[in-house]
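Q: Below you'll find the structure I mean.
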Amino acid sequence: LLDIRATYMRAPDSCFWVAEAGGAVVGMVAVAPPQDPAQRGVALELKRMSVSKDYRGRGISKALCGEVLRFTQARGYGAVVLYTSVVQVVAQRLYEGQGFRKVGTSSPSLLASLLCFQIFQYRCDLPGRPPSPAPPR
């Protein structure tokens with residue numbers, strides 16, 4: 001987030017959106033080529049989804065997610081992938097409601113494993129393209 005323009009606005013197949021209310025930013029989301037090399041050229045990755053607590057429950061996250069899905073499909077990609085943590089239950093429900101399905105689980109470290117902290121990988125295959133196989137885990 002230190003340089004949104006360079007990271008998300010100049011790079012090909014990347015973008016950054018904000019939601020505003022009363023002149024203030026109340027939500028944001030980004031999309032970029034995935035970090036996982038197996039997904040590059042096939043999918044884009046949803047990143048940085050966040051909505052201010054006072055504005056949650058108003059459909060802002062759903063609208064931002066929809067923008068990412070439309071952007072990705074317009075560029076000819078077959079899917080959107082994302083990563084979220086086990087504690088982000090509300091986010092998981094949002095993504096599942098938007099057509100994402102959980103395709104992988106990992107622990108970022110030994111300590112995380114001991115604490116049962118997991119990262120979930122989600123994927124949403126977009127209409128008009130055959131679904132790609134999920135990457136092996």
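Q: Does at least one position in the stretch 119-128 carry a residue that is modelled with pLDDT under 90 and over 22 Å from residue 6 (Cα atoms)?
A: yes
Q: Pull up the stretch 1-41, narrow it to residues that are of a type outside the set (Gly, Ala, Ser), over 17 Å from the mean Cα position of the chain (by Cα) and modelled with pLDDT of 90 or more, then point me to the one that is surrounded by the fewest Cβ atoms within 10 Å (Cβ to Cβ).
A: 20
Q: Let me ask something else. So which residues in the stretch 3-41 are of a type outside the set (Gly, Ala, Ser) and in a strand (DSSP E or B)?
A: Hits for the stretch 3-41 are 15, 16, 17, 18, 20, 25, 26, 28, 29, 31.
Q: Also, quick follow-up: Name the pairs: first residue in the stretch 1-23 and closer than 21 Å to residue 74 by Cβ, second residue outside any helix (DSSP H, G or I) and basic (Lys, Arg), Cβ to Cβ under 8 Å, at least 6 apart or on different chains?
A: 13/75; 16/48
Q: Is there a residue in the stretch 53-70 that is on the phi > 0 side of the Ramachandran plot, open to solvent by 50 Å² or more (accessible area, probe 1.4 Å) and without any contact (Cβ under 8 Å) to a residue 24 or more places away in the chain? Quick ask: steps written out before the conclusion?
A: Taking the stretch 53-70 first, the residues on the phi > 0 side of the Ramachandran plot are 57, 59.
Filter once more, keeping what is open to solvent by 50 Å² or more (accessible area, probe 1.4 Å): 57.
Remaining after also requiring without any contact (Cβ under 8 Å) to a residue 24 or more places away in the chain: 57.
Taking every residue of the stretch 53-70 in turn, at least one turns out to be on the phi > 0 side of the Ramachandran plot, open to solvent by 50 Å² or more (accessible area, probe 1.4 Å) and without any contact (Cβ under 8 Å) to a residue 24 or more places away in the chain.
The values are calculated or read from the model by the stated rules, or taken from the named source; none is laboratory data. Given the structure is predicted, the values throughout are model-derived calculations rather than measurements. Note: ideal-geometry Cβ built from the backbone for every residue, glycine included; neighbour counts use all protein chains shown. Side chains included, ligands, DNA and RNA excluded: accessible areas come from the protein's heavy atoms. Shrake-Rupley method; radii C 1.70, N 1.55, O 1.52, S 1.80 Å.
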